[in-house]
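A quick write-up on the structure given underneath.
Readers should treat all values here as calculations from the given coordinates under stated rules, not as data from a laboratory. On a predicted model such as this, the values are computed, not experimentally measured, just so you know. Here Cβ is always computed from backbone atoms with ideal geometry, including for glycine, and neighbour counts include all displayed protein chains.
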Amino acid sequence: MKHKDYYKIMGVKWNASEEEITVAYRRLVRQFHPEVSKEPNASERFKEINKVYNILKSPHKRIAYNAHLKVICQKPIANNKNTLKHYLIHLKKNAGQYTEKFLWHKKRSQNV
């Protein structure tokens with residue numbers, strides 16, 4: 001199941017005040033109300049906005065969601081295959097440079 005960022009859905013920052021969240025909610029509800037909007041997915045979007053608002057308006061639910069978001073966003077680098085792949089490509093491209101530095105430090109430490 002793909003994670004949905006509730007703050008992105010509402011169009012606010014993660015540290016938005018309750019008032020900012022309410023203003024964003026009212027704006028989105030007017031935009032996506034099924035009786036007003038002509039978009040085909042307006043009713044699903046309207047339901048999603050209501051669900052998100054019910055979580056973000058409650059301080060306890062918002063704290064729980066923020067904790068959940070923090071756990072999701074903190075993944076070890078080894079589990080992220082793309083990051084590891086880019087790191088290995090970087091090492092291959094710059095291998096000569098790193099080898100020269102290593103040999104220079106090794107030679108310098110032997111001379112001391």
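Grab the other residues whose beta carbon is less than 15 angstrom from that of K47, score K and R as +1, D and E as -1, and report the net. If you can, show how the numbers build up before the last one.
Details: positive: K4, R45, K51; negative: E35, E39, E44, E48.
Once positives and negatives cancel, what remains is -1.
Report the number of Lys pairs in segment 1-74 whose alpha-carbons are under 19 Å apart, with separation of 8 or more residues or on distinct chains.
Lysine pairs, 8 or more places apart or on different chains, close enough: 24.
Within the set of other residues whose C-beta is less than 14 Å from the C-beta of R30, count the net charge using Lys and Arg as +1 and Asp and Glu as -1. Walk me through the numbers before you get to the answer.
On the way: positive: R26, R27, K38, R45; negative: E35, E39.
Computed value for this residue: +2.
Among residues other than E18 whose Cβ falls under 12 Å from its Cβ, what is the net charge (Lys/Arg +1, Asp/Glu -1)?
Numbers: positive: K57, R62; negative: E19, E20.
Net local charge, E18 excluded: 0.
Cα atoms only: what Rg and Dmax, in Å, come out for segment 1-74?
Radius of gyration, then largest Cα-Cα span, for segment 1-74: 12.8, 41 Å.
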